[in-house]
Protein chains: 6
Amino acid sequence: MLEDVSRRIGRNAILLAFTNEEGELSLKKELAKLGWSYCQGKVGAMELQKIVAAIETSAKRQGIVNHDVYREMHALYHAILEAVHGITRGQVELGGLLRTAGLRFSIVRGKPYEKEAEGEWIAVALYGTIGAPVRGFEHEAIGLGINHI
Amino acid sequence: MLEDVSRRIGRNAILLAFTNEEGELSLKKELAKLGWSYCQGKVGAMELQKIVAAIETSAKRQGIVNHDVYREMHALYHAILEAVHGITRGQVELGGLLRTAGLRFSIVRGKPYEKEAEGEWIAVALYGTIGAPVRGFEHEAIGLGINHI
Amino acid sequence: MLEDVSRRIGRNAILLAFTNEEGELSLKKELAKLGWSYCQGKVGAMELQKIVAAIETSAKRQGIVNHDVYREMHALYHAILEAVHGITRGQVELGGLLRTAGLRFSIVRGKPYEKEAEGEWIAVALYGTIGAPVRGFEHEAIGLGINHI
Amino acid sequence: MLEDVSRRIGRNAILLAFTNEEGELSLKKELAKLGWSYCQGKVGAMELQKIVAAIETSAKRQGIVNHDVYREMHALYHAILEAVHGITRGQVELGGLLRTAGLRFSIVRGKPYEKEAEGEWIAVALYGTIGAPVRGFEHEAIGLGINHI
Amino acid sequence: MLEDVSRRIGRNAILLAFTNEEGELSLKKELAKLGWSYCQGKVGAMELQKIVAAIETSAKRQGIVNHDVYREMHALYHAILEAVHGITRGQVELGGLLRTAGLRFSIVRGKPYEKEAEGEWIAVALYGTIGAPVRGFEHEAIGLGINHI
Amino acid sequence: MLEDVSRRIGRNAILLAFTNEEGELSLKKELAKLGWSYCQGKVGAMELQKIVAAIETSAKRQGIVNHDVYREMHALYHAILEAVHGITRGQVELGGLLRTAGLRFSIVRGKPYEKEAEGEWIAVALYGTIGAPVRGFEHEAIGLGINHI
Ligand SMILES: [Mg+2]
Ligand SMILES: [Mg+2]
Ligand SMILES: [Mg+2]
Ligand SMILES: [Mg+2]
Ligand SMILES: [Mg+2]
Ligand SMILES: [Mg+2]
């Protein structure tokens with residue numbers, strides 16, 4: 001584990017997913033100082049493809065990834081998929097198993113390793129609730145995916 | 001999602017997994033005030049059964065679960081398994097795929113719902129790194145499992 | 001394994017799934033004598049969510065679970081999911097893989113353990129056929145999920 | 001589903017797995033009358049390979065399959081794997097997740113379909129308990145795998 | 001591994017999936033000489049059921065399998081499913097995870113083993129690209145499923 | 001799919017996995033002309049970690065990846081895991097399910113896309129047999145994993 005907590009890209013992404021545009025201001029300042037980019041968003045759906053799409057769209061619009069370069073979209077896609085595993089915990093499926101998710105997400109892009117050669121990495125964090133399509137019949141879930149980019 | 005952030009059992013578990021005995025003191029005070037129980041620990045292994053065992057042992061020793069009652073151990077076990085999915089993201093395996101994990105964990109037991117009938121729930125959070133058995137060749141991972149108990 | 005065969009909740013659930021309202025009368029008497037509740041039903045679908053919904057609806061209507069309490073619905077949901085694994089055997093999917101299932105199901109709720117502290121458990125059993133959407137091009141499948149409630 | 005209940009190979013296999021050499025005598029007579037072969041056994045293990053091996057050995061020794069013909073062993077192997085999914089319900093693993101299983105198994109080989117061209121099929125049924133390596137801390141599980149042979 | 005390369009049914013199927021009706025003519029001659037049957041096709045879809053259906057339809061129309069016999073369709077179906085795993089690599093899903101596949105496929109039916117008793121086997125090979133629903137944002141994927149028939 | 005067949009990195013990797021040091025000489029010349037690197041190897045094992053290790057070791061020794069840079073090892077590792085899915089087709093396990101694999105593998109690193117910004121990618125191909133630990137009781141299997149590096 002990195003000694004330098006401020007460069008823990010996954011932890012940072014999760015803290016951002018716990019909050020919204022107004023929260024974690026000191027963390028955001030730190031990320032800005034490091035020259036890292038990040039964005040936050042929110043999505044509720046019974047279809048995983050809508051969740052994937054919402055995260056990809058946010059990452060493109062906020063300029064976290066270059067949407068003209070497949071290499072970048074490929075890195076992001078696999079990070080999203082890995083994060084989804086933490087949310088679904090066994091069956092990568094929502095509505096098909098009669099459940100729905102309401103999630104906040106964040107994406108962080110930066111250089112978490114000290115060695116320059118390790119370059120940039122991307123972290124996708126998801127946090128929210130999963131459960132029956134009945135108000136309040138849900139519990140929390142979290143997911144984190146990390147990839148080199 | 002619960003309006004009352006302090007009762008978000010999963011979020012609380014994750015914040016505890018981010019820290020150690022000395023950290024998150026105000027959160028711990030809040031949990032104590034709510035009458036919830038929790039514990040924290042640390043485990044590094046290439047075998048998932050060691051991780052499961054470390055969490056179960058900690059939960060028993062710290063009195064989070066009653067180890068004489070299978071019902072409680074069953075609730076804990078499935079919460080652990082669900083948390084492991086977030087760490088392994090697809091293949092529930094470590095050493096068998098030549099990878100190792102170094103994790104902090106936490107367990108929180110309490111009443112996250114307003115309705116008394118919803119009773120007690122248990123959350124297991126895992127946070128740390130996963131990667132090759134080579135120092136520094138690893139990235140972060142997180143997992144959360146929640147169950148009624 | 002419980003010595004007392006009559007309290008084997010999973011075995012009971014499967015025997016009920018093998019039959020209909022008219023069958024297994026002596027078993028039903030025994031369950032009644034134990035004070036356990038149970039119900040039976042039938043569902044055919046290419047969508048797993050319809051199977052999940054049919055079982056949940058039956059459990060609510062027959063009063064096996066209290067549909068106002070998420071805790072009870074959560075216990076039932078995970079028991080259903082576990083039962084579905086036995087039916088799908090690897091890919092938790094039906095129509096998306098061009099196959100369909102015709103199933104009888106049963107739900108049993110009772111106290112299978114001798115110790116009072118073990119409380120109530122729920123068993124969901126599924127039995128029927130799975131196969132191509134072509135009459136007769138199918139073979140049998142079974143599934144059982146058990147959870148504390 | 002076959003109208004003729006006596007030829008439901010999966011149901012027959014499960015009923016055999018519920019019992020031992022002394023049980024289900026009328027079913028066994030019926031199977032003998034149909035010219036079907038079957039065997040029963042028992043295995044407890046924390047390693048899935050021991051369970052697979054016990055079933056394969058029993059099938060070979062009792063002459064249910066011809067152990068000189070890979071084709072037959074291949075059919076049996078995949079039927080075993082499918083049955084194991086019902087037991088493990090999501091993670092095809094026992095000891096690696098700190099759990100153990102005590103199972104009765106049965107294998108039935110016969111012609112469940114009316115059309116002669118459908119030939120022989122094989123069913124593997126597993127029934128028993130799965131749980132922590134602690135006496136009594138376990139619940140029931142069932143699995144069924146069916147294959148053409 | 002078979003010494004006789006020409007009878008490697010999986011390798012043959014993959015080489016056919018790499019090409020179209022005009023390619024691999026010497027391989028096709030060899031297959032004809034062995035008395036094996038085969039077919040080739042092409043399918044692009046975001047739904048796995050369309051891919052399964054395209055392969056099944058092709059196998060029936062080209063007479064590789066007898067569509068009146070469930071036994072043959074069962075053997076083919078499981079070979080297709082196994083091949084799909086190589087394409088999807090972890091989550092047996094396409095559109096539900098916002099990805100699409102463009103595939104060539106081939107089916108080969110023959111006797112790959114020297115012993116007569118091993119009889120006929122079927123191989124399904126898939127080769128093409130998988131990726132985002134954006135032109136060029138995709139990479140190659142391959143899958144092979146083999147079954148006794 | 002790339003029009004230019006010679007730059008199909010996955011297809012190239014598979015053709016190399018079909019052969020040994022003496023085979024596919026014209027393909028190897030083409031790869032050399034493109035400035036791509038590749039290596040080939042062979043591994044038989046009942047433990048997936050041995051297969052992962054053999055591929056990683058070969059890639060490091062032959063200079064396909066820089067073993068001092070985690071980023072490169074991470075890209076390789078995930079490509080290996082994806083290739084393994086094609087071999088195991090559902091359960092990422094060998095000996096634990098009483099089966100063994102004898103594989104040839106290849107690794108190719110190059111620039112499969114026309115746009116310079118897409119940079120380097122890595123392909124891992126596996127081809128061989130999987131089956132019971134009994135000589136000849138096995139069938140072919142293939143796997144391909146592709147990642148940006
Ligand atoms: Mg990784
Ligand atoms: Mg749950
Ligand atoms: Mg359980
Ligand atoms: Mg089948
Ligand atoms: Mg096989
Ligand atoms: Mg990819």
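Out of A:G136, A:G143, A:G128, one residue alone is away from ligand 3 (no atom under 16 Å from the Cβ) and closer than 20 Å to A:V5 by Cα. It is A:G143. Scanning the stretch E:104-125 for residues that are buried (at least 23 other Cβ atoms within 10 Å of the Cβ) and more than 10 Å from chain F (Cβ to nearest Cβ) gives E:F105, E:S106, E:I107, E:V108, E:R109, E:I122, E:V124. On the stretch given as the stretch E:94-103, residues that are more than 13 Å from chain F (Cβ to nearest Cβ) and either within 16 Å of ligand 3 (Cβ to nearest atom) or in contact (Cβ under 8 Å) with a residue 12 or more places away in the chain (or both) total 4.
Number of residues in the stretch F:69-85 that are crowded, with 22+ Cβ neighbours inside 10 Å and either in a loop (DSSP other than H, G, I, E, B) or within 16 Å of ligand 5 (Cβ to nearest atom) (or both): the value is 2.
Summed over the stretch B:1-13, the residues that are surrounded by 19 or more Cβ atoms within 10 Å (Cβ to Cβ) and either of a type in the set (G, A, S) or more than 10 Å from chain A (Cβ to nearest Cβ) (or both) give a count of 2.
For the stretch A:28-51, the criterion of being crowded, with 20+ Cβ neighbours inside 10 Å, of a type in the set (D, E, K, R) and out of contact with any Asp or Glu (no Cβ under 8 Å at 6 or more places or on another chain) is met by none of the residues. For the stretch F:14-73, a tally of residues being within 13 Å of chain B (Cβ to nearest Cβ) and either over 22 Å from F:T100 (Cβ atoms) or polar (S, T, N, Q) (or both) returns 13.
Yes or no, residue by residue, for (1) touching a residue at least 24 places away in the same chain (Cβ under 8 Å); (2) touching a Ser or Thr at 6+ places or on another chain (Cβ under 8 Å):
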site: A:E82; (1), (2): yes, no
site: A:R109; (1), (2): yes, yes
site: A:P112; (1), (2): yes, no
site: A:K115; (1), (2): no, no
site: A:I122; (1), (2): yes, no
site: A:G128; (1), (2): yes, no
site: A:H139; (1), (2): no, yes
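Of all residues in the stretch A:74-91, those that are within 8 Å of another protein chain (Cβ to nearest Cβ) and over 17 Å from E:G96 (Cβ atoms) total 3. Just to be sure before I move on: is C:A141 more than 8 Å from chain D (Cβ to nearest Cβ), among the aliphatic types (A, V, I, L, M) and more than 12 Å from the chain's Cα centre (by Cα) in the structure I sent? In short, no. Scanning the stretch C:126-138 for residues that are more than 8 Å from every other protein chain (Cβ to nearest Cβ) and crowded, with 24+ Cβ neighbours inside 10 Å yields a total of 1. The one condition from (1) away from ligand 4 (no atom under 16 Å from the Cβ); (2) free of Cβ contacts under 8 Å to residues at least 60 places away in the same chain that E:E56 does not meet is (1).
Laboratory data are not the source of any read-out in this text; all were calculated from the coordinates shown. This is a predicted model, so every value here is computed, not measured. Methodologically, a virtual Cβ is constructed for each residue, glycine included, from the backbone with ideal geometry; neighbour enumeration extends over all protein chains shown.
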